[in-house]
Amino acid sequence: MDERITPRTVVEALLPDEGEVALALVYDTANAVGVADQPLRLALRRLVSAGELTQVGRGRAGRVGLTDLGRERLRRDRVGLALAFAQDAGEAPWDGRWWLAAISTPERERAVRDALRRDLLVAGAAPISTGLYASPHDLTDVVDADARAHLVTASATALDLRGVHDAAEIAEALWPAEPVDRAYDAVEEALAEDGGTPLVRRLRLAAALEAAMREDPLIPPELRAPGWRPSRLRGEWLERWRGIADAPVHRGWL
């Protein structure tokens with residue numbers, strides 16, 4: 001079993017943007033990659049409870065589909081994927097602007113503030129002062145729409161980070177390259193494995209890329225050293241993905 005392939009990974013990989021998927025396919029796919037029925041049932045139950053899935057029927061005879069909430073969360077996740085491939089292709093050059101965001105909430109709404117902090121960090125923003133975050137990307141679209149009313153945002157072409165002015169040095173200070181590069185070991189390992197059905201192979205590749213990108217703030221290549229390994233591995237990943245026969249895994253991803 002590939003430990004990167006969690007029950008949730010299997011479910012989300014098979015969900016269509018519209019309509020439903022048969023749970024028989026979900027269970028069979030999970031079993032094929034070493035995920036047992038019980039943890040899969042638990043993951044489904046949690047997604048339904050969170051309001052991200054609807055389920056009709058039980059067990060292998062049932063079907064599941066995305067709710068509007070679940071569809072919106074996956075959409076935000078795919079924003080990062082689209083940006084990564086656009087950067088790799090030279091289609092999303094950095095405009096030289098830093099996006100700055102400050103959280104503005106009254107103390108009684110501490111839960112909203114804490115959720116916003118988590119969202120910003122997950123999206124790749126870095127704290128540069130108390131309550132102030134920075135990113136080389138405008139992250140407005142990846143923040144929950146209801147939470148945007150609690151953000152004060154601005155952009156700047158120059159940033160002084162405790163005496164550091166050079167953009168590449170700022171990027172390295174806030175988003176060190178080494179742990180991001182190391183996260184792509186998972187992708188390199190997945191590329192070295194070529195056995196299994198097309199469905200299993202695509203699921204393995206998808207899980208590896210998802211794991212790597214959770215640690216990748218997608219800093220513009222202009223701010224990284226030449227020959228950036230994550231970019232090269234994503235290129236190899238894309239070529240391998242397209243070379244695998246069609247399988248119902250993350251349709252609409254690319």
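With 0.36 nm allotted per residue and the present C-alpha distance subtracted, the Val79-Ser104 stretch has 6.5 nm of extension available.
For q = 0.12, 0.17, 0.26, 0.28 Å⁻¹, what log10 I(q)/I(0) does segment 98-156 give under the Debye formula with an equal point scatterer on each alpha carbon and no solvent? For segment 98-156, the Cα-only Debye profile gives -0.23, -0.46, -1.12, -1.31. From the alpha carbon centroid of segment 130-175 to that of segment 4-52 is 35 Å. The Glu188 and Ala24 beta-carbon pair, evaluated with R₀ = 45 Å, returns a calculated FRET efficiency of approximately 0.85. Across the accessible surface of the chain, with the other protein chains kept in place and a 1.4 Å probe, carbon and sulfur atoms take up 51 percent. Charge dipole of segment 98-156 (Cα centre as origin; +1 on each Lys and Arg Cβ, -1 on each Asp and Glu Cβ, all else neutral): 180 debye, rounded to the nearest 20. Protein heavy-atom accessible surface, 1.4 Å probe, per residue over the chain: 51 Å². When the chain is treated as a GNM with alpha-carbon contacts under 10 Å, the residue of Thr67, Thr157, Thr140 showing the greatest mean-square fluctuation is Thr157.
With the simple spin-label model, which puts each label point 7 Å out from Cα in the Cβ direction, the Ala156 to Ala177 separation comes to 2.5 nm. Within the set [x] 1.09; [y] 0.95; [z] 0.99, the number that Cα Rg over 2.2 N^0.38 Å takes when calculated for this structure is listed as [x]. Note on segment 178-229: along the principal axes its Cα atoms extend 39, 18, 16 Å, ordered by decreasing extent. Is the shape of segment 60-134 rounded, prolate or oblate, going by the alpha carbon gyration tensor and its root eigenvalues a ≥ b ≥ c, with a/c under 1.5 for rounded and a/b larger than b/c for prolate? Note, shape of segment 60-134 comes out oblate. Ranking Ala43, Ala186, Gly80 by Cα position along the charge dipole of the chain, where only Lys, Arg, Asp and Glu carry charges on their C-beta atoms, puts Ala43 farthest toward the positive end.
Val48 to Ser129: FRET efficiency via 1/(1 + (r/R0)^6), r the Cβ-Cβ distance, R0 35 Å, to the nearest 0.05? Once the sixth-power term is evaluated, E becomes 0.30.
The values are calculated or read from the model by the stated rules, or taken from the named source; none is laboratory data. Note that the structure is a prediction, hence the values are computed from the model and not measured. All Cβ positions, glycine included, derive from the backbone under ideal geometry; neighbour counts span all protein chains shown. What goes into the accessible areas is simple: the full protein's heavy atoms, side chains included, and nothing from ligands, DNA or RNA. Shrake-Rupley method; radii C 1.70, N 1.55, O 1.52, S 1.80 Å.
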